[in-house]
Ligand code: ZN
Ligand code: ZN
């Protein structure tokens with residue numbers, strides 16, 4: 001079926017309304033009528049081909065919430081009328097050891113991204129997968145999660161990417177009561193990460209360029225919010241030496257990593273979540289002294305995404321959103337790039 005969508009046609013062209021083709025609902029598929037689609041900074045990088053050669057036209061969107069309208073004959077997990085979500089992945093082999101472990105994002109045979117992933121030749125949907133800025137999507141049921149009743153469906157959309165992106169490393173590093181966690185950057189990722197870490201029982205500190213979002217940090221449950229830019233920020237970081245068990249760095253620009261490593265306790269971990277395009281430099285001594293860990297994390301698997309949604313529903317964790325109509329997407333992109341959103345745009349799918 002042909003469905004309304006908003007698509008990118010070239011790196012420097014504004015996104016525009018169009019129609020895209022969705023495949024017929026196969027035996028293992030569900031057809032979802034999309035209600036809400038979040039705007040992730042990755043959408044912008046991809047639409048503008050800032051991460052390399054995007055294939056056009058491409059419909060972005062990997063924070064999708066909607067209602068099941070049709071199910072294939074073999075579908076068991078979802079029923080018509082259920083509210084469901086789709087995040088960054090729409091396919092994986094389901095057979096390799098990563099998939100068996102519920103880590104589909106690390107599928108050894110290549111996970112399929114929700115948009116921009118190559119499709120086999122002759123596929124009815126075209127040459128690459130097309131994402132959530134559209135009225136409907138067909139996805140294999142194993143890649144679809146359930147949205148718990150307690151979550152606001154619009155505000156749940158960003159959790160499908162931003163939520164799991166923060167939840168997975170917090171779990172990986174066993175964050176819980178008695179631990180001290182820092183979140184670098186208070187944007188779409190950071191504001192969810194602070195709430196999650198607080199809900200897990202940690203003492204949370206926000207490290208940001210400035211103090212402009214200090215009130216929000218405290219409202220989300222952080223105990224402190226420090227500005228880290230400039231000479232004053234350098235002094236602040238010096239004062240925080242040996243403080244944190246885990247630092248989640250959501251910033252996509254290169255930071256003075258050594259200064260932040262110094263704020264870790266021995267054996268603490270600095271987890272890179274934002275992905276700067278330039279290589280980073282780090283002094284070996286910053287890692288050796290105190291056996292510090294410098295690592296990274298990218299999204300998470302389907303079972304953990306489901307667990308994250310249920311955790312958010314239980315603890316009242318949610319994204320703060322600004323709802324927009326489809327004709328405001330280009331404006332919203334510019335505002336995201338300028339960090340002028342608190343904290344995530346969500347598109348009302350009725351306006352596609
Ligand atoms: Zn994303
Ligand atoms: Zn696999």
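The values are calculated or read from the model by the stated rules, or taken from the named source; none is laboratory data. Quick caveat: nothing in here was measured; it's all calculated off a predicted structure. Using ideal geometry, Cβ is built from the backbone for each residue, glycine included, and neighbour counts are taken over all protein chains shown.
Here are the numbers for this structure:
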quantity: Long-range neighbours under 7 Å by Cβ, at least six apart or interchain, first residue touching a residue at least 60 places away in the same chain (Cβ under 8 Å) and closer than 20 Å to residue 63 by Cβ within segment 94-123, second away from ligand 1 (no atom under 16 Å from the Cβ) and assigned to a strand (DSSP E or B); calculated: 116/128
quantity: Residue count for segment 212-241, restricted to those that are loosely packed, with under 14 Cβ neighbours inside 10 Å, touching a strand residue (DSSP E or B) at 6+ places or on another chain (Cβ under 7 Å) and more than 23 Å from residue 199 (Cα to Cα); calculated: 0
quantity: Tally, over segment 17-38, of residues that are in contact with a helix residue (DSSP H, G or I) (Cβ under 9 Å, 6 or more places away or on another chain) and part of a strand (DSSP E or B); calculated: 9
quantity: Qualifying positions in segment 177-236 - in contact with a helix residue (DSSP H, G or I) (Cβ under 7 Å, 6 or more places away or on another chain) and in a loop (DSSP other than H, G, I, E, B); calculated: 186, 200, 220, 221, 222, 228
quantity: Hits in segment 1-29 (condition: farther than 20 Å from residue 326 by Cβ and touching a strand residue (DSSP E or B) at 6+ places or on another chain (Cβ under 8 Å)); calculated: 23, 24, 25, 26, 28, 29
quantity: Residues located in segment 154-184, provided they are under 11 Å from residue 197 (Cα atoms), in contact with a strand residue (DSSP E or B) (Cβ under 6 Å, 6 or more places away or on another chain) and within 13 Å of ligand 1 (Cβ to nearest atom); calculated: none
quantity: Breaking point among (1) part of a loop (DSSP other than H, G, I, E, B); (2) surrounded by 21 or more Cβ atoms within 10 Å (Cβ to Cβ), for residue 56; calculated: (2)
quantity: Residue 142 vs. criteria in a helix (DSSP H, G or I), in contact (Cβ under 8 Å) with a residue 12 or more places away in the chain, away from ligand 1 (no atom under 16 Å from the Cβ) and within 24 Å of residue 2 (Cα to Cα); calculated: yes
quantity: Single match in 55, 70 (criterion: away from ligand 2 (no atom under 16 Å from the Cβ), in contact with a strand residue (DSSP E or B) (Cβ under 7 Å, 6 or more places away or on another chain) and modelled with pLDDT under 95); calculated: 55
quantity: Which listed residue, of 277, 295, is at negative phi, assigned to a strand (DSSP E or B) and exposed (fewer than 15 other Cβ atoms within 10 Å of the Cβ); calculated: 295
quantity: Members of segment 93-106 that are in a loop (DSSP other than H, G, I, E, B), more than 18 Å from the chain's Cα centre (by Cα) and closer than 16 Å to residue 140 by Cα; calculated: 93, 94, 95
quantity: Residues satisfying the stated conditions in segment 95-127, i.e. under 17 Å from residue 40 (Cβ atoms) and more than 16 Å from ligand 2 (Cβ to nearest atom); calculated: 114, 115, 116
